[in-house]
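**Student:** The structure that follows is given in the form of structure tokens.
The values are calculated or read from the model by the stated rules, or taken from the named source; none is laboratory data. Just so it is clear, the structure is predicted and the values come from calculations on it, not from any experiment. Cβ coordinates were reconstructed from backbone atoms using ideal geometry, including for glycine residues, and neighbour counts include every protein chain displayed.
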């Protein structure tokens, strides 16, 4: 198999594998490719799910009205990755781009979505780097038997992408001569996170410090050489975490064993894992790299994205100060509920006079701008029913019932809280309902419509020949 047909098959399998892998590491993700196999040739595009639709003017100016993107021909077998200035000139909001020039493929840039809750773009870019290399290698060899394996490999690269990003960043910070083995550390993090102790999920912080910098660590206690737990002994390390949970203390490791318990700042480009029950976060010094749960890494920072709530509040006649305060209150309540993994509903009542909702009320509504009363509201969210919050930034009731007549768009898979919110908002204007499910999804509902509903992307089918970019732009 050769020529344009092999090119199409090669791109299809690599792109689909990359899309599937990134969709599991992040939210559902689309992927696109702009490439040119020969220096001086016309650029082509493969965008089966319309990721780049809406960016046509910028793509036209960058690729068709200018030749700066072409660079110089590559004659050596090395991969020459594009510099940051290249992506800055593309300047496509909400899109992550990564590409290179090689001898076999003169130019290629892969694109995917930049989700608003991503901890870091680093692992995603390392993932896209694998796609760059696989496309160049397979296109040069034209061996069809390798293509399926290339696509499959890209579906399962989370640990490798996180590891490579950590190694690259530590090298950039000057830690080329390192004694820390990153793979065993990542394996220990996932193993410990899945290990319960007397029914409890792990909590606490564990850091890995370069062995030659351990003398700069403020140890409270150190373990003798022959009694240091091995990082690979997940059960033993999990037990030790109980000594540092809910405190300023941390377990300190050299990457192979647990050296002891310490407090205070850590030296160098240390690695850290923060265990927070059923999930946790991976850090490189002060940078959050990714989260982890259920035995796998994820790009999410696990914070609720309430941008739609902010957009809805901007359309009201509330003062900017009150809008900001109400947004902060909603964010605090939602994130607290998500952390405790129980569901709730927030009724944001934008009427000048709050509705009279059935539920438990107060003699004097709680002032949610007061931190103590806001914490009380977080606890009241555990009670069945909704929290009724007025535009006056006060909690007027809890355990409130949202009733109404059946409306189109109800989804029995989403439960009573979600469907009740659809019915209630369909019958009451100027009401926003934020529904937090116990399994973490957050929905915003107004006028009987879910504003946060995600589009279902069509599956990629077949291996069509990627069109010329100029033809694609012309529609």
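**Student:** Residues 392, 317, 322: which one is surrounded by fewer than 13 Cβ atoms within 10 Å (Cβ to Cβ), out of contact with any strand residue (DSSP E or B) (no Cβ under 7 Å at 6 or more places or on another chain) and either in the same structural domain as residue 445 (by TED's automatic domain parsing) or part of a strand (DSSP E or B) (or both)? Step through it out loud before you land on a result.
**Tutor:** Working: 392 fails: surrounded by fewer than 13 Cβ atoms within 10 Å (Cβ to Cβ); 322 fails: surrounded by fewer than 13 Cβ atoms within 10 Å (Cβ to Cβ).
Answer to the check: 317.
Matching residues to (1) in contact (Cβ under 8 Å) with a residue 60 or more places away in the chain; (2) closer than 22 Å to residue 111 by Cα; (3) outside the structural domain of residue 105 (by TED's automatic domain parsing); (4) exposed (fewer than 15 other Cβ atoms within 10 Å of the Cβ):
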site: 135; (1), (2), (3), (4): yes, yes, no, no
site: 143; (1), (2), (3), (4): no, no, no, yes
site: 161; (1), (2), (3), (4): yes, yes, yes, no
site: 167; (1), (2), (3), (4): no, no, yes, no
site: 179; (1), (2), (3), (4): yes, no, yes, yes
site: 185; (1), (2), (3), (4): yes, no, yes, no
site: 206; (1), (2), (3), (4): yes, no, yes, no
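**Student:** For the range 47-85, which positions are under 16 Å from residue 111 (Cβ atoms) and crowded, with 17+ Cβ neighbours inside 10 Å?
**Tutor:** 47, 48, 49, 51, 52, 55, 59, 62, 63, 69, 82 - these are the residues of the range 47-85 that are under 16 Å from residue 111 (Cβ atoms) and crowded, with 17+ Cβ neighbours inside 10 Å.
**Student:** Based on what the data block shows, is residue 56 out of contact with any strand residue (DSSP E or B) (no Cβ under 8 Å at 6 or more places or on another chain) and more than 16 Å from residue 132 (Cβ to Cβ)?
**Tutor:** When the stated conditions are applied, residue 56 passes them.
**Student:** Same structure, new question: Go through (1) surrounded by 16 or more Cβ atoms within 10 Å (Cβ to Cβ); (2) at pLDDT 90 or above; (3) assigned to a helix (DSSP H, G or I) and name the single condition residue 366 misses.
**Tutor:** (3)
**Student:** Regarding residue 148, is this residue over 25 Å from residue 267 (Cβ atoms) and without any contact (Cβ under 8 Å) to a residue 12 or more places away in the chain?
**Tutor:** Answer is no for this residue.
**Student:** Restricting attention to the range 96-117, which residues are in a loop (DSSP other than H, G, I, E, B) and closer than 22 Å to residue 14 by Cα?
**Tutor:** 102, 103, 104, 105, 106, 114, 115
**Student:** Any residue at all in the range 72-95 that's under 23 Å from residue 465 (Cα atoms), assigned to a loop (DSSP other than H, G, I, E, B) and either touching a helix residue (DSSP H, G or I) at 6+ places or on another chain (Cβ under 8 Å) or outside the structural domain of residue 16 (by TED's automatic domain parsing) (or both)?
**Tutor:** Start the filter on the range 72-95 by keeping residues that are under 23 Å from residue 465 (Cα atoms), which leaves none.
Within the range 72-95, not a single residue is under 23 Å from residue 465 (Cα atoms), assigned to a loop (DSSP other than H, G, I, E, B) and either touching a helix residue (DSSP H, G or I) at 6+ places or on another chain (Cβ under 8 Å) or outside the structural domain of residue 16 (by TED's automatic domain parsing) (or both).
**Student:** While we're looking at this one, here's another question. Can you pull out the residues in the range 250-276 that are touching a strand residue (DSSP E or B) at 6+ places or on another chain (Cβ under 6 Å) and not in a strand (DSSP E or B)?
**Tutor:** Scanning the range 250-276 gives 255, 264, 266, 270.
**Student:** Quick one: count up the residues across the range 338-368 that are over 12 Å from residue 434 (Cα atoms) and within 30 Å of the chain's Cα centre (by Cα).
**Tutor:** Of the residues in that region, 6 qualify.
**Student:** A further question on this structure: Any idea which of 299, 247 is exposed (fewer than 15 other Cβ atoms within 10 Å of the Cβ) and touching a strand residue (DSSP E or B) at 6+ places or on another chain (Cβ under 9 Å)?
**Tutor:** Going through 299, 247 in turn, the sole match is 247.
**Student:** List, please: which pairs have Cβ atoms under 8 Å, are six or more places apart or on different chains, and start with a residue in the range 435-450 that is farther than 17 Å from residue 384 by Cα and end with one that is in a loop (DSSP other than H, G, I, E, B) and at pLDDT 85 or above?
**Tutor:** 447/429
**Student:** OK, next. Could you go through the range 402-421 and let me know if any residue there is touching a strand residue (DSSP E or B) at 6+ places or on another chain (Cβ under 6 Å), farther than 20 Å from residue 361 by Cα, outside any loop (DSSP other than H, G, I, E, B) and at pLDDT 90 or above.
**Tutor:** The answer is no; no qualifying residue exists.
**Student:** For the range 88-103, which positions are on the phi < 0 side of the Ramachandran plot and surrounded by fewer than 17 Cβ atoms within 10 Å (Cβ to Cβ)?
**Tutor:** Of everything in the range 88-103, those that are on the phi < 0 side of the Ramachandran plot and surrounded by fewer than 17 Cβ atoms within 10 Å (Cβ to Cβ) turn out to be 88, 89, 93, 103.
**Student:** Every residue in the range 202-235 that is over 13 Å from residue 259 (Cβ atoms) and part of a strand (DSSP E or B), please.
**Tutor:** Correct list: 203, 204, 205.
**Student:** Which numbered condition in (1) modelled with pLDDT of 90 or more; (2) outside any loop (DSSP other than H, G, I, E, B); (3) under 30 Å from residue 201 (Cβ atoms) is the only one that residue 383 fails?
**Tutor:** In the conditions (1) modelled with pLDDT of 90 or more; (2) outside any loop (DSSP other than H, G, I, E, B); (3) under 30 Å from residue 201 (Cβ atoms), residue 383 misses (2) alone.
Matching residues to (1) under 30 Å from residue 205 (Cβ atoms); (2) in contact (Cβ under 8 Å) with a residue 12 or more places away in the chain:
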residue: 268; (1), (2): yes, yes
residue: 281; (1), (2): yes, yes
residue: 298; (1), (2): yes, yes
residue: 319; (1), (2): no, no
residue: 347; (1), (2): no, yes
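**Student:** Within the range 40-51, track down each residue that is part of a loop (DSSP other than H, G, I, E, B), under 15 Å from residue 69 (Cβ atoms) and at pLDDT 90 or above.
**Tutor:** Passing the criteria: 41, 42, 43.
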